[in-house]
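What follows is one structure encoded as structure tokens, with my remarks underneath.
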Ligand code: TMP
């Protein structure tokens, strides 16, 4: 607030099912933005390097069993512990490309049957994305892409439920990218969105009222 419009970085979130291509697209976009001379960084959630993140990671690899509500709150805590660093980066003019964020938290937990309002509650107050790029891939296609690595949620039936849950979370910050196009046109398509998007950099850090 009170900063010049050029000084603020954009918060760009990638969302989608497991194996939807988020990680590759994030890196491609990072190289592209850096090539244009923008200051940009790649982030991801869960951030498995923190103490909370290590618990999340152990849960995902089935080395730790936790109640569904408990793990939901840990995923959220993992975003909260990074909030002030994210805000500092954005204020300093760095654009953050974030591989998964609150939408993953709500979609994956509500796919287990948890109440969606309850799932959204701990996300309120985190930084709101300027743009969410949702990589839309049919769950069956995601499985075909090199298969799953064997983590807890990497099962077709569960991913189908997650896809349904993501659908109800779509809001005005979303651009849905149909993924069969991605394999051919990935970078052109994304940069087509991103060039105008970077004009949104005047958006100051604001608080998320809901997912
Ligand atoms: P990753 O494979 O992108 O590291 O994500 C790990 C898994 O965790 C993935 O199946 C999605 C899930 N997840 C949640 O259930 N809640 C969350 O808040 C996040 C960020 C990821």
- Against the globular-protein guess of 2.2 N^0.38 Å, express the Cα radius of gyration of segment 67-178 as a ratio, rounded to two decimals. 1.12
- Item | Separation in nanometres of the label points that stand 7 Å from Cα toward Cβ, at residue 94 and residue 24 | 2.7
- Task: Beta carbons within 10 angstrom, averaged per residue: use that to sort the peptides 57-67, 151-161, highest first.
- Result: 151-161, 57-67
- Query: Mind ordering 139-148, 86-95 by average Cβ neighbours within 10 Å, highest first?
  - Reply: 86-95, 139-148
- Multiply the residue separation of residue 65 and residue 178 by 0.36 nm, subtract the distance between their alpha-carbon atoms, and state the gained length in nm to one decimal. 37.2 nm
- Message: Along the Cα→Cβ direction, 7 angstrom out, place labels at residue 121 and residue 170. What is the inter-label distance in nm?
- Response: 2.9
- Sort 75-84, 14-23, 165-174 for me by packing, meaning the mean count of neighbouring Cβ atoms within 10 Å per residue, highest on top. 14-23, 75-84, 165-174
- Query: What FRET efficiency do you get for residue 157 and residue 85 if R0 is 35 Å and r is their Cβ-Cβ distance, rounded to the nearest 0.05?
  - Reply: 0.45
- Item | Histogram of C-alpha separations across segment 1-158, 5 Å bin width, % | 2, 8, 16, 20, 21, 16, 10, 5, 2, 0
- Task: Please report 85, 55 as a ranked list, fewest other C-beta atoms within 10 angstrom at the top and most at the bottom.
- Result: 85, 55
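No value in this document is a laboratory result; all are computed from the given coordinates. Note that this is a predicted model, so its numbers are computed, not measured. Cβ: placed from backbone, ideal geometry, glycine included. Neighbour counts: every protein chain shown.
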